[in-house]
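Just below is one structure, and these are the notes that go with it.
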Amino acid sequence: MKLLIPIKRVVDYNVKVRVKPDGTGIDTANVKMSMNPFDEIAVEEAVRLREKGIATEIVAVSCGPTACQETLRTALAIGADRAILVESGVELQPLAVAKLLKAVVDKEQPQLAILGKQAIDDDSNQVGQMLAALLDWPQAAFASKVEIEGARLRVKREVDGGLETVEMSLPAVVTTDLRLNEPRYATLPNIMKAKKKPLEVLKPEELGVDVTPRLKTLKVVEPAKRKGGGRVADVKELVDKLRNEAKVIS
């Protein structure tokens, strides 16, 4: 069984994000970049499925600038067998990414695509669902457990009311939640081996996909700063502030 694992290069989660002075976007100059944490979970799950003897090949794919090769090498070090970069200098929005991934799926013919449920930079939570729609494949989002038996896929997923278990036929699309697994660290020997693993570079034009942005970002602003707390003299003053000043959250 071949698995396709899309990954995204994002600002590292430990970095404090700064907005550009002109409000046109996020300042990424001299900022540490890394693999999207939810995508790390997807790569880990794919490696575990191969260790169980279910998966035979893991293909990592990323869409974006040349620098994404570094992120793909990380996926190769964790356990992916080969990688594909769809190189583009254009701002890739969720629909464009889904179309590119659909073209890669048509080319590679995997039986399962595992994606992170969302990227921590834009929090769109759209690519997995869009990819499933474009492929006309069944999907299971927010997976906290994945089991494969033959040509059937059983996924336990997190919903507002608790946990829901769904079963579907392969091929399918799965998006990962935080509780699916704990990603492993890439060891130094595997990092060295990853440098020799194949990494194919494609262009959107080769895949026949138009990635022209459909949305325009008008302005980016930082969240409002929280106001500091205050002291009250007694319970009476506290009750008065709760009644007249505190905002009611429904």
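Tabulated results
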| quantity | calculated |
| --- | --- |
| Residue match in region 148-158 (condition: over 20 Å from Met1 (Cβ atoms) and touching a helix residue (DSSP H, G or I) at 6+ places or on another chain (Cβ under 6 Å)) | no |
| Unmet criterion (only one of (1) open to solvent by 70 Å² or more (accessible area, probe 1.4 Å); (2) without any contact (Cβ under 8 Å) to a residue 24 or more places away in the chain; (3) among the charged types (D, E, K, R)) for Glu158 | (1) |
| Residues that are farther than 19 Å from Leu101 by Cα and of a type in the set (Asp, Glu), drawn from region 132-147 | Glu147 |
| Filtered residues of region 195-210 (kept if open to solvent by less than 100 Å² (accessible area, probe 1.4 Å) and farther than 14 Å from Ile78 by Cα) | Pro198, Leu199, Glu200, Val201, Leu202, Lys203, Pro204, Leu207, Gly208, Val209 |
| Selection status of Met192, open to solvent by 70 Å² or more (accessible area, probe 1.4 Å) and among the hydrophobic types (A, V, I, L, M, F, W, C) | yes |
| From Lys2, Lys20, Lys99, residue being charged (D, E, K, R) and under 20 Å from Val209 (Cβ atoms) | Lys99 |
| Qualifying residue in region 235-249 (condition: modelled with pLDDT of 85 or more and part of a loop (DSSP other than H, G, I, E, B)) | no |
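The values are calculated or read from the model by the stated rules, or taken from the named source; none is laboratory data. Just so it is clear, the model here is predicted, and its values are computed rather than measured. Because the Cβ atoms are built from the backbone with ideal geometry, glycine has one as well, and the counts that use them run over all protein chains shown. Accessible surface areas use protein heavy atoms only, side chains included; no ligands, DNA or RNA. Shrake-Rupley method; radii C 1.70, N 1.55, O 1.52, S 1.80 Å.
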